[in-house]
Structures are given as C-alpha cells and as structure tokens.
Amino acid sequence: MAKRRRGARSAPSRHRPHQPFEALVAVALDAIPEPFAAALDEIAIVITDEPSPEQRAENQIEVDETLYAVKDVGIPVLWFWPNVDAGSDGTSKGIRVFREKEEPENFHLFRNMFPEDFLRLLCGASAIVGNSSVAIRECSYLGVPAVNIGTRQMGRERGHNVIDVAHDREEIADAVATHIKRGKPKRDLLYGDGKAGARIADCLAQAALTIEKRLTY
C-alpha cells in the first residue's frame, strides 16, 4: 500500500455536483459559526505557488524564495502542493527539501480540498501568496489580499487586492507585511458580480435569431 507523504493532506474523493462560484461562496460563509468567523482574521497565509513550464530549471530556486519568505511570518502557512504542469518536479522537490531541512512547525501541506472548504480558508486568510489565477480573479471578488509572484499571471487585469512582486524573498515578505498591516480590501467586481449568466440569457431571449451564414475569413 502506498504511503502518503508526511504532512500532505487531501480531502475525501467522493463526487460532488457542480455549483456556481457564488453559490459556493454562500455555502462557505454560511457554514462558519459567527464566533469562529470573527477569529479567522489573520489566521493564516494560503500558498498556491505553481510551476512555470517555460522556466523549468528555475522552479526549485523560485519556490525556495517563497518558502523562506513566509517561514518566519509567525502565523500558520497553509501550502498547497503544485499542479502537474511541466516543471512541477522542481517545485515539489524544493518543498520536500525545505520541509526535511527546516521542519517548520507553522507549515501545513495540502494536496487538494473541496471548493467550499478552500473558500473558507481564503475568506479567513491574511493573504494568498503565489502565482495562481485564484489570487487575481476569485480573490478580487472575495476581497482577499493577494501577493502575486512572477510573470505567470502577466496580462491579466488586477483588482486593488493584488501586490505584484518578483521571485525575491524580501519583496515577498514585505508585500505580506504590507497586506497584514492594511487589512482586508473591499470586494472588487472587476471580474463580474455573479449575474453575467442572467444578463446573457436576457440578451439571447431578445435577440433576433437568423440562420444566415456569414464567413469572416
């Protein structure tokens, strides 16, 4: 029987039906008891640092910068293992080497998690750190402070929750400290307010439909 890596946690693998993002947010927030919800402020930093396929040789070096930037922050660090993009072996190796060498007591490693549970963590976190699109899109809607590292999300519009930094431990640590000092930003509807589907359906319902074919090439 294969053994699970020490410190890596995963959610049960039972199937769950698809739910719209806004419904997941409502479920996540409603499920947090009020006294506990108040205590979630500055509970942790969530890390989603993914490999960059075009920079495979640098992935282990880059993840080291993030690991050591948040090592001494003084609050729990909830780190999610990388996806399986090309270059993930370097990122995973960097995490394993750091874990065995430093034995950080405030680090908690996860492989995966149910969406509503992940949203609970985001809503209660001091910041999300890494290069995942969740920091740019979902976290702007949720009002979660985000430290975006590197160029993986280059070209995407930013909400006012994002601080962009290079793969440099001092820049990362300074950005985290800035977010903790500022507190939570207001929700930013840059990527929508959750009502796009209804608006699109309304437009389609009123549009004059035609079967005339038109070539555009």
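Laboratory data are not the source of any read-out in this text; all were calculated from the coordinates shown. These numbers come from a predicted model, not from an experiment. All Cβ positions, even for glycine, are placed from backbone atoms using ideal geometry, and neighbour counts span all protein chains on display.
When a/c is below 1.5 the answer is rounded, else prolate if a/b is larger than b/c, else oblate, so apply that to region 56-141 with a ≥ b ≥ c taken from the square roots of the Cα gyration tensor eigenvalues.
oblate
What does a probe at VAL84 reach in region 106-141, counting residues whose amide N is under 17 Å from the point 7 Å along Cα→Cβ?
111-113
In nm, give the distance between the simple-model label positions of LYS213 and ALA201, each being 7 Å from the Cα along the Cα-to-Cβ direction.
Result for the modelled spin labels: 3.2 nm.
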